[in-house]
Each structure stands twice: as C-alpha cells, then as structure tokens.
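Below is one structure, written out as structure tokens, with a few remarks after it.
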2 protein chains.
Amino acid sequence: MLARSRPGSPEHPPAPAVPAATAAPHEQPRCAEWLRPRTRSLLRQMVDRVSQPGILSLAGGLPAPELFPAREYGAALAQVLAGDPRALQYGAPFAPLKGHVVGLLAERGIACAPDDVVLTSGAQQALSVAAGLLLEPGSTLALERLVYTGVQEAVARFQPRVLALDSDLETGLDVDELERLLERGERPAFVYVIPEGHNPLGVSLDERKRRRLAELACRHGVPLVEDDPYGMLVYEGAAAPTLKSMAPDWVLYVSTFSKVIAPALRLGYMAVPASLRQAAVLVKEAGDLESSALTQRAVAAYLEAGHLPSHLERLRSTYRTRRDAMLEAIAAHFPAGTRWTRPRAGMFVWVELPGDVDTVALLDTALRDEKLAFVPGRAFSVGGQGARASLRLSFANQPPEVIRDGVRRLARLIG
Amino acid sequence: MLARSRPGSPEHPPAPAVPAATAAPHEQPRCAEWLRPRTRSLLRQMVDRVSQPGILSLAGGLPAPELFPAREYGAALAQVLAGDPRALQYGAPFAPLKGHVVGLLAERGIACAPDDVVLTSGAQQALSVAAGLLLEPGSTLALERLVYTGVQEAVARFQPRVLALDSDLETGLDVDELERLLERGERPAFVYVIPEGHNPLGVSLDERKRRRLAELACRHGVPLVEDDPYGMLVYEGAAAPTLKSMAPDWVLYVSTFSKVIAPALRLGYMAVPASLRQAAVLVKEAGDLESSALTQRAVAAYLEAGHLPSHLERLRSTYRTRRDAMLEAIAAHFPAGTRWTRPRAGMFVWVELPGDVDTVALLDTALRDEKLAFVPGRAFSVGGQGARASLRLSFANQPPEVIRDGVRRLARLIG
C-alpha cells in the first residue's frame with residue numbers, strides 16, 4: 001500500500017501516527033471547519049418562509065409566473081423528445097445552443113466564438129465556476145458591501161479576504177475606491193460587478209464608470225466577473241455597453257436563461273477569456289459533469305423557433321408597468337426622508353427608510369400582521385451588518401394592483 | 001473603505017504593499033494554481049472522441065438510448081407544465097419527489113426521513129457536495145487505485161493526500177488494507193466506495209467486506225461515501241445490503257436517476273447523516289442554487305404513475321442479455337491468459353490482457369483500423385499510471401450482436 005498524491009499536487013507529509021487507542025472518534029461525522037459556523041443565508045431562509053400560500057410577497061427575485069412561456073417551451077420539449085434519443089443521453093455541450101448564445105452575446109456587444117462559451121447550470125453555477133477558477137484559499141476579492149447573496153455563497157468556501165466597495169445609488173459601484181486600492185497595490189483575484197439592474201440595489205452602472213472599470217482591469221491585470229442576468233430586461237432606452245465588450249480579455253461574463261425564459265431550466269452561460277477556457281470546463285465538469293442535454297436542446301429549439309424577441313418585449317412591457325406602479329406607490333405612501341432607487345433594468349427597488357427602523361424586525365411584523373414579505377437590506381450585507389433601515393422590494397412577481405396594495409400596507413406599518 | 005473578512009473566517013493580514021509601478025500585470029487572466037497543470041481526464045476527452053457517428057463504442061458508461069422512457073417522461077413533463085406554473089419557477093425541493101426518494105431508499109434497506117435527503121444535479125454534484133462537505137485543503141482520503149474518474153475530479157481542487165487502496169476483482173476493495181491504515185492512525189476524511197457494479201471494475205463488494213467496512217467506519221469515526229448508481233441494476237439475485245443500511249450515521253449515500261431513467265435529467269440524490277444535513281444544503285446551494293423544479297416535478301409524476309418497476313425489469317433483462325453476450329464473446333475470442341470480471345450489476349466488464357499490451361496505443365489502433373472504442377484502464381488510475389494492459393468495456397449501450405462483433409474485432413487486434 002502506497003500513500004500517493006495526485007499528479008501535480010505537492011507531496012504531503014505522512015499523517016502523524018496516532019495510536020489507535022487514544023484516537024477518540026467523533027460521535028458523528030463533522031463537516032469541514034469553515035462550514036461549521038455557517039447557516040443558510042437570510043435570503044434563502046426567507047424564500048422558504050415567504051413561499052407559503054397567502055403571503056403577499058415582494059421579496060423573492062422571482063419572475064412573473066404567468067408570463068412563463070409554458071406552451072412554447074413545452075412544445076420545444078415535445079419536439080426534441082420525439083426527435084432524437086440523444087436528448088435524454090449524456091453528451092457534449094449542444095453546438096446549436098452555443099451558436100444561439102453567441103448570437104445573444106453579440107446583442108450585448110460581445111464578440112466571441114462558441115469555444116469561449118461554457119454552458120452552466122444557471123448563473124449560480126457560473127459564479128461558482130468563476131470562483132473555483134480564480135480563487136485560492138484566502139484569496140482577496142472585491143465585492144460591493146451590498147451584493148447578491150449567491151456570489152457570497154459561491155466564494156465562501158475559499159474564506160476570502162474581501163475588499164468591500166461602496167455603491168452609489170445612482171451610478172453604482174465606487175470605481176474611485178477600487179482605483180485607490182489598486183494603486184495601493186491590492187490585486188484582488190477578481191472584482192464582481194452586476195452592471196445592469198443591480199441586485200439588490202436596482203442601480204445600473206454609469207457608462208463612464210464602466211469604461212474606467214474596464215480600463216483599470218486591463219491596466220492592473222485584474223479580472224472582472226460581470227454578472228448580467230438582467231441585461232436583456234432594460235426598460236428605458238438601450239442597455240449600456242457590457243464590460244465584456246470593453247475588456248474582452250479581462251472579463252468573465254455570466255448570464256442565464258432564468259430571468260428571460262424560466263428559472264427551472266437551470267441553464268446559464270459564461271463567456272470566458274481564452275486563457276481560462278480549458279480550466280473553466282474542468283471546474284464545470286467536476287461540479288455536475290454537464291447541464292441537461294434535454295434542456296439544452298429544448299432551449300435551442302425554443303430560440304430557433306424565434307420566440308425570444310417577442311417574449312422579451314412582453315416581459316419588458318409588463319415589468320416596466322410594475323416598476324412604475326411600485327415607484328409611484330413608494331412616492332405616495334412612504335414617509336418623508338425615504339430614499340429609493342429608480343431602476344431602469346432588472347427586478348428590484350432598494351429603499352432606505354428614514355430614522356431608526358430595523359427592517360429585520362419590520363419583516364416579522366409585516367409577516368405576522370399583514371402577511372406581507374420583503375427582504376431586509378441586511379440579508380445582502382457582505383459583513384452581515386449594516387443596512388439596518390434598508391429593504392429590497394421586487395416588482396417582477398406581482399401585478400400592479402397587488403404591488404400598490406402591498407407598498408401601501410407596508411408604508412402603514414412603518415408609520 | 002474597510003477591508004473586512006467574512007464572519008467566521010480568520011482575519012487575513014493586509015496584502016503586502018506592492019508599488020503599482022513594479023507590479024507587472026499578467027498579460028492574461030490566470031486560473032488558480034492547482035488547475036494550471038491539469039487537463040481534462042482521458043475519459044472525458046474520449047467521450048467527445050468516440051461520440052462521432054460511425055464509431056462502434058464499447059467505451060462510455062451510457063445507458064441504452066432505445067430504452068429511455070421518452071414517451072412516459074414526455075407525458076409527465078406535459079402534465080406538469082400544463083398543471084402548475086410553479087413548475088418553471090424557483091422553489092424549495094419538491095416534497096413529493098423527496099417522498100419517492102425515501103421510498104427508493106427503503107428498497108435499498110435505508111430508513112431515512114425526507115429531511116435527510118438532498119436532491120442534487122446528478123450523482124456527480126452529490127460527489128462534489130460530499131467533497132465540499134468533508135474535505136479541507138490537503139485532507140487525506142481513501143480511494144481505490146482504479147476508480148470512477150468523476151470522484152477524482154470532484155476532490156481534485158482540495159489537492160488531497162490520497163490513500164490508494166487495492167481492489168480484488170472478485171470481492172472488491174481491500175478492507176484489510178484499509179484496516180491496517182486505520183490501525184496505524186490514518187483518519188481519512190472519507191473512504192469512497194462503489195459497492196454494486198463498480199466503475200470501472202464491474203465487481204460488487206462482498207457482503208462480509210461490507211459488514212467489516214461499516215464496522216470500521218463506526219469504530220474509527222471515518223465517514224464512507226457510498227456511490228450506488230447501479231444498486232437498482234442487479235442481474236443475479238438481490239443486491240447485497242447497502243453500507244448505509246449498516247452504518248446509517250457514518251455513510252453519505254449517493255444515487256441518481258441517470259442510469260434508471262435518463263442521464264439528461266441531471267437529477268441525483270444523497271442521504272446524509274443528520275449532523276451534515278444543514279451544511280450539505282449550503283454546499284449544494286452554493287453550487288447551483290437548486291436542481292430544476294420542472295425536472296423534480298416531472299420525475300415525481302413519472303414515479304407516481306408507477307412506471308419505474310416495469311422499466312427497471314426491462315433494463316435488467318436487456319442488460320443481463322448484453323452482459324452475457326459480452327462475457328461469452330470475451331471467453332471465445334480473447335487470448336489465453338486474459339482475466340476479466342463477471343459483473344452481477346452495473347454496466348462494465350474489466351479486462352486484463354496477458355503480456356505487454358499497451359491499451360492506450362491499442363485504442364488508437366482500434367479507432368483507426370476498426371472504428372472501435374473502449375476505455376484504456378489507465379483512464380481510471382488515481383496516479384495516472386499502471387493498468388497498462390487493462391481496459392474497460394461497457395455492455396449497456398449496444399445490442400448483443402454489436403457487442404459480439406466488437407469484442408471479436410477487438411480480440412483480433414490484440415492478436
């Protein structure tokens with residue numbers, strides 16, 4: 001018997017010889033140390049809590065279910081299942097789908113080849129792959145202080161040193177602050193950015209800031225992870241150019257079909273720089289071998305049938321109306337001194353209440369007295385602190401009259 | 001701006017101040033160090049290579065596509081899509097599916113509650129979750145020298161110290177060797193075991209060995225990861241009891257619908273000890289948030305309709321016939337001195353050729369001269385060495401006459 005290491009890994013010294021008699025076994029299996037103090041994020045706990053029937057939820061980042069193209073997607077599934085038994089088999093990434101993704105990327109100003117595209121099981125897996133690609137244990141990375149919890153979960157296992165960046169509610173991430181850090185010699189393994197319809201802040205990153213960010217990435221050799229699930233859900237004018245279009249070699253671009261077709265597809269995609277392609281495939285395959293061949297083929301058939309453009313129009317028109325209803329209701333009912341964002345894209349409005357409201361406590365009251373749900377700002381805080389008087393409201397998942405009613409009732413609770 | 005760590009993570013010292021002028025950036029993004037020397041496994045490269053049309057492949061672990069229940073599963077999908085828009089939404093794990101999984105586990109002798117079940121995106125994600133749960137960087141783990149490549153990929157990022165165990169071709173993993181290591185004080189983070197229809201060896205673990213293994217796990221406090229994708233594909237008598245049924249507190253049990261319904265479902269499951277439940281959910285969610293709600297509901301509907309038992313009968317009967325055809329053809333055509341396993345379960349026969357054949361070179365010849373594929377033994381080797389004269393043949397994916405023809409032609413090449 002030989003204790004041998006994997007090829008390419010350093011030789012580890014033999015374990016200290018523990019006499020069997022003194023090695024008191026644990027009474028039950030223990031997880032890795034970093035996991036022991038962790039609990040599910042406030043956000044994921046909430047998803048379970050507020051998905052009870054009878055709750056008026058402005059909480060989750062859930063698309064409008066009545067707009068899911070169930071019929072068209074069902075037809076695509078049926079067509080694919082009837083046509084080719086390989087649809088249920090293991091297989092390499094489906095080339096026609098990659099071709100469609102290349103086309104969608106081109107609409108976001110991104111020129112890339114099918115080989116640059118990695119299909120993933122939703123954007124969350126893409127973030128997990130990006131983290132696995134770029135981080136070593138204890139790596140430094142740069143995140144906004146208030147940011148999508150999924151990326152915090154994707155990086156947690158590396159126990160990273162986090163450079164927490166401020167965000168402006170009108171222009172997005174504080175690029176000056178990042179520049180100062182880089183000038184000081186910081187070299188984060190990556191900077192995470194949600195340029196369009198930020199989750200949870202609802203802000204879109206100012207175009208000049210995008211150009212500076214892209215320039216900083218190239219100049220200092222710091223990769224950007226551009227998370228763009230809402231890039232096709234812009235309600236005013238055109239989306240600003242993507243970071244990937246400005247700095248193709250330094251941006252790992254991430255998007256998904258979850259928000260534009262349906263979350264249950266669990267199908268997302270990345271466009272990665274050539275130097276990371278092969279490693280990205282390794283990390284993806286180690287995670288789940290491959291994403292569903294059936295889903296890949298059905299989504300390709302749905303796109304091939306030309307359904308997406310009109311579906312996107314319907315989504316944008318519906319979400320625009322809902323956003324406007326929410327913004328009007330906030331303006332009409334929330335107390336003086338409240339600040340909120342006016343999203344041009346995505347699903348979320350960020351609200352900062354005046355005074356000393358604790359929105360975690362407010363949520364308990366809202367659920368109990370009004371059967372009403374939102375997400376307290378603290379749920380998104382990188383340090384788990386701060387954002388005490390803030391909350392995130394989603395306008396995507398409810399019709400305008402319900403949004404108005406919900407905002408009015410919530411405002412009444414705030415007093 | 002404050003550089004702050006995540007709660008629960010140790011404070012990291014500030015990065016050394018690198019004057020910006022001297023910090024020559026890389027010219028392109030670089031992946032984490034452990035990934036740089038790695039390439040895709042021989043097996044995954046092969047899957048692409050042998051899935052060309054016109055290749056007679058005895059290589060991949062692919063189920064028989066003509067047996068996929070495309071009609072029944074398509075009906076289940078259609079029913080679910082027509083019935084409930086939540087089928088396309090984000091959502092908590094689908095309780096009725098968990099209920100069915102508890103029932104399937106009971107048939108393998110495993111008593112557990114729905115809360116012990118974690119639904120995963122195939123068995124590969126379950127292995128990745130098990131690795132994430134139990135390993136720290138540089139942890140020790142115990143694997144057989146010749147073992148499914150997916151587990152090697154799932155653990156690679158931890159750069160583990162591997163205790164490589166021998167396997168007997170008739171009784172499986174060398175439990176004596178493991179016992180000696182444990183007595184010597186080794187405490188691997190887990191021992192990985194494929195008890196039924198081993199991939200690639202085709203052997204099923206002897207029942208007395210299972211009892212000793214379960215006993216060792218409990219006595220020394222060492223978790224077992226029991227990978228059981230073939231537990232419902234046993235062709236002679238009943239399956240032996242699972243390790244999980246013998247040591248419920250120390251076994252992370254993994255299985256999947258890939259081999260019994262279809263791989264493209266990307267739906268697997270784990271049954272984990274209570275002490276690991278919460279952390280398992282965290283690791284799963286960090287990877288891809290959740291597995292497809294649509295697939296979960298469609299598989300539940302398929303199972304609810306009662307299709308599985310008769311489908312399993314059909315699979316077992318077909319695969320038994322194919323296995324027998326392969327074993328007879330090997331006996332008839334392979335040179336004297338060849339050794340091979342006689343699997344009672346799963347999809348694979350392991351063949352050790354006499355003399356000095358190099359099966360990696362043989363594969364090149366077979367592909368070029370005969371358009372014939374198998375997997376060289378080396379593809380499964382933990383150290384990437386050895387198994388020079390061995391190969392793995394799959395009997396699941398081809399009808400008996402093709403298997404006979406393929407084995408005959410392969411034997412002719414060996415000479």
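A straight line joining the Cα centroids of the range A:173-202 and the range B:356-405 runs 50 Å.
Each Lys and Arg Cβ is given +1 and each Asp and Glu Cβ -1; about its Cα centre, the protein assembly as shown then shows a dipole of about 260 debye.
Taking other Cβ atoms within 10 Å as a rough exposure proxy, A:L276, B:L216 sort from fewest to most as B:L216, A:L276.
Of the residues A:L267, B:L201, A:L312, the one whose Cα sits farthest toward the positive end of the charge dipole of the protein assembly as shown, with +1 on the Cβ of Lys and Arg and -1 on the Cβ of Asp and Glu, is A:L312. The relative contact order of the range A:54-204, computed from alpha carbon pairs under 8 Å that lie at least 6 residues apart in sequence, is 17 percent. Exposed loop sites here are GluC sites (Glu not before Pro) assigned a DSSP state other than H, G, I, E or B and surrounded by at most 16 other beta carbons within 10 Å; excluding them, the longest clear run of chain A is A:237-415.
How much length is gained if the chain between A:R342 and A:R320 is pulled fully straight, taking 0.36 nm per residue apart and subtracting their Cα-Cα distance, in nm to one decimal?
Answer, rounded to one decimal: 6.8 nm.
Assuming a ≥ b ≥ c are the square roots of the Cα gyration tensor eigenvalues, decide whether the range A:204-287 counts as rounded (a/c under 1.5), prolate (otherwise, with a/b larger than b/c) or oblate. Cα axes put the range A:204-287 in the oblate bin. Across peptide B:375-388, the mean count of Cβ atoms from other chains lying within 10 Å of each residue's own Cβ comes to 1. Across the protein assembly as shown, counting alpha-carbon atoms alone, Rg and Dmax equal 27.0, 91 Å.
Annotation: amide H of A:V375 within the under-5 Å range of A:R392, sequence separation 5 or more or interchain, hydrogens built in the peptide plane. Quick check: from the Cα gyration tensor, does the range A:46-150 come out rounded (a/c under 1.5), prolate or oblate? It is oblate, given that a/c is not under 1.5 and a/b is not larger than b/c. Need the list of lysines near B:K209 for cross-linking: C-alpha distance under 21 angstrom, and skip anything on the same chain fewer than eight residues off. Cα-Cα hits under 21 Å: B:K244.
Residues whose amide H comes within less than 5 Å of that of A:G268, counting only those at least five positions distant or on another chain, are A:T120, A:S121, A:G122, A:F257 (H built at 1.01 Å from N in the peptide plane). The mean number of Cβ atoms from other chains found within 10 Å of a Cβ in peptide B:64-73 is 3, as a whole number. Tell me whether chain B comes out rounded, prolate or oblate; compute the Cα gyration tensor, take square roots of the eigenvalues as a ≥ b ≥ c, and use a/c under 1.5 as the rounded threshold. Rounded.
B:G109 label point (Cα plus 7 Å toward Cβ) to equivalent points in the other copies: 6.3 nm, shortest first.
Here the translational diffusion coefficient of the range A:76-234 follows from Stokes-Einstein with Rh set to the Kirkwood radius across Cα pairs; for 4 °C and 1.567 mPa s it amounts to 74 µm²/s. In this label model, B:E401 and B:A332 are separated by 1.3 nm, measuring between points 7 Å along each Cα→Cβ vector. Take B:D84, move 7 Å from Cα toward the beta carbon, and the resulting point lies 3.2 nm from the same point in each other copy, nearest first.
Remark: relative contact order (chain B) = 23 percent; criterion is Cα-Cα distance under 8 angstrom and separation of 6 or more residues.
Between the range A:275-309 and the range B:90-128, the C-alpha centres lie 25 angstrom from each other. Who wins for biggest fluctuation among B:M46, B:M232, B:M326 in a Gaussian network model of chain B, springs between alpha carbons below 10 Å? Highest fluctuation among the options: B:M46. Farthest towards the positive end of the charge dipole of the protein assembly as shown, among the residues B:T359, A:F190, A:L143, is the Cα of B:T359, using unit charges on the Cβ of Lys, Arg, Asp and Glu. Ranked from shortest, the separations from the 7 Å Cα-to-Cβ label point of B:A331 to its equivalents in the other copies are 8.5 nm. Shielding of peptide A:153-165 by partners, expressed as the average count of other chain Cβ atoms within 10 Å per residue Cβ, is 5. Placing +1 on each Lys and Arg Cβ and -1 on each Asp and Glu Cβ, with no other charges, gives the range B:60-169 a dipole about its Cα centre of roughly 240 debye. In this structure, the amide hydrogen of A:V251, modeled 1.01 Å from its nitrogen in the peptide plane, lies closer than 5 angstrom to those of A:L224, counting only residues at least 5 positions away or on a different chain.
Given +1 on the Cβ of Lys and Arg, -1 on the Cβ of Asp and Glu, and no further charges, what dipole in debye does the range A:291-398 carry about its Cα centre, rounded to the nearest 20? Dipole of the range A:291-398, to the nearest 20 debye: 320 debye.
Hydrophobic, long helices, defined as DSSP H runs whose alpha-carbon span along the helix axis is 24 Å or greater and whose mean Kyte-Doolittle value is at least -1.0, occur in chain B at B:308-333.
Scalar couplings 3J(HN,Hα) for the range B:357-367, obtained by applying the Karplus form with A = 6.51, B = -1.76, C = 1.60 to θ = phi - 60°, are 5, 9, 6, 5, 5, 4, 4, 4, 4, 4, 5 Hz; x denotes Gly and Pro.
Each value in this text was obtained by applying a stated rule to the coordinates, not by laboratory testing. Just so you know, these numbers come straight off a predicted model, no measurement behind them. So basically every Cβ, Gly included, is an ideal-geometry build from the backbone, and we count neighbours across all protein chains shown.
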